[in-house]
Every structure is written in C-alpha cells, then in structure tokens.
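Here the structure is laid out as structure tokens; the discussion comes afterwards.
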Amino acid sequence: MAHRSHLAAVVIDVPEDRVETTTNFWGAALGRPLRQLDHDEFWGVRVSTAMVLLVQRLGEGAPRVHIDIHTDDVPAEVARLEALGAVVASSFAQWTVMTDPSGQPFCVVEAPPGTLEGDDVIEWS
C-alpha cells in the first residue's frame, strides 16, 4: 500500500541547563522567537511552510541534532528506511527512533492530520 512522507523538522537536542540559551540563540539567529509547544520538552518555530526548527530538552545525553521524517504510515516508512540500511533503535506509539548507516539518529513520526500536503511530500508505493 502506498504511503507518504517528508522531511518535517530539524531538532536540536539539548540538556535542560542549555534550553534557554539555545532557544534564545536560534530565535535571534532566525529572527523568529521559538515558543514552547504543547509537549513541555519542545520549543519551536516554523521556518517554512513545510519545515520547523525544534529545540528538545533532553532528560539525559549529549547535545546533538537530528531530523524528523513525518509520514502517514510509520510502519511502512520504517520498513522502507530499513531496506535502505537504517536500524530501529526504539519504537513508541506514534514514532520510531532510527539510526542511519553512519549511526546518526533520526525519528519517523506520525504526521499530524492535514500536514502531508505540498511539493515536498513524496508518495511511496
């Protein structure tokens, strides 16, 4: 069955003690302040119609950057990416954490309704 996906977010993962300085920096750098989102650990700003920049407060771990791919079928997108060489690191109800062939983490996330529209969305069969 066909499914759709697109690159939706660049996520900057930071320890709790660096959230304020990081969100202030990126807000000033982009000329758009980041706002806290519904999930307490996220601050974000839309940088284009299809892309957001997020700062995620980490419970533990070193700072890093990862990307989020949004899809209307997480299992199908995970299977497609596994066939390309990605590895599942952990799975949750609405997203899966994977690593690319170099070991870099990224997430495959269930897309919010109505967000898989536009030129940047690819339909996979």
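The values are calculated or read from the model by the stated rules, or taken from the named source; none is laboratory data. The structure presented is a predicted model; accordingly, all values stated were derived computationally and were not measured. Cβ placement follows ideal geometry from the backbone for every residue including glycine, while neighbour counts extend to all protein chains displayed. Remember, those area values only see protein heavy atoms, side chains included, never the ligands or the DNA or RNA. Shrake-Rupley method; radii C 1.70, N 1.55, O 1.52, S 1.80 Å.
So the values come out like this:
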item: Search result, residues across segment 80-113 that are farther than 16 Å from residue 3 by Cβ and open to solvent by 60 Å² or more (accessible area, probe 1.4 Å); result: 87, 89, 91, 92, 93, 101, 102, 104
item: Condition check for residue 37: open to solvent by 40 Å² or more (accessible area, probe 1.4 Å) and touching a Phe, Trp or Tyr at 6+ places or on another chain (Cβ under 7 Å); result: yes
item: Every residue from segment 59-87 that is hydrophobic (A, V, I, L, M, F, W, C), modelled with pLDDT of 95 or more and farther than 21 Å from residue 113 by Cα; result: 65, 79, 81, 83, 84, 86, 87
item: Exclusive hit being part of a strand (DSSP E or B) and either of a type outside the set (Val, Ile, Thr) or at pLDDT below 95 (or both), set 48, 90; result: 90
item: Checking residue 110 against (1) more than 30 Å from residue 17 (Cβ to Cβ); (2) over 13 Å from the mean Cα position of the chain (by Cα); (3) not hydrophobic (A, V, I, L, M, F, W, C), the condition it does not meet; result: (2)
